[in-house]
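For reference, the structure is listed below as structure tokens.
Just so it is clear, none of the values below were taken in a lab; they were calculated from the coordinates. Computed from a predicted structure; not experimentally measured. Cβ: placed from backbone, ideal geometry, glycine included. Neighbour counts: every protein chain shown.
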Amino acid sequence: MRIVVGMCCLFLAGWPGGATAGRQHREAWYQGWWCAERGGETEVVLEDGTRVDCVTATHAVEFEFADKWAEAIGQSLHYARRTGRRAGVVLILEDAAERRYWQRLTGNITYFGLPIDVWQVGTGWDILLGVPSVPGQVPALADRVDPG
């Protein structure tokens, strides 16, 4: 019985942090300011029940943390098809070491000629580009790759 109670306590203690464990901010935090800057709408539910992170006048945008770059490709293409807008991915880089994920994302988009525009945000990207970092602030817009 003690083991079961102990396991439940450990599970519940880790529950809220599961989505943000080791993350500087939740994904929704990045979505909120980025989408608002572009006059978009967050968490748009499509007719098939899927949720687009941000819909702007021109793009259906998927936000993902760097290590989830591959998932972002499929989701963004699905959202683009469903909305009739261009596919977009905002990759969240919270550390300079995550550059490899940016390279994987953009490399695959370019290699396969995918119609996906990409941006990077987070405190990790400014290190990559040599832009001075301001603690507690996330840079507005970094790179965009338009393979078209």
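Screening W102 on (1) over 16 Å from T123 (Cα atoms); (2) touching a strand residue (DSSP E or B) at 6+ places or on another chain (Cβ under 7 Å); (3) surrounded by 12 or more Cβ atoms within 10 Å (Cβ to Cβ) shows it passes everything except condition (1). Of the residues making up the stretch 53-64, those that are surrounded by fewer than 24 Cβ atoms within 10 Å (Cβ to Cβ) and of a type outside the set (A, V, I, L, M) number 3.
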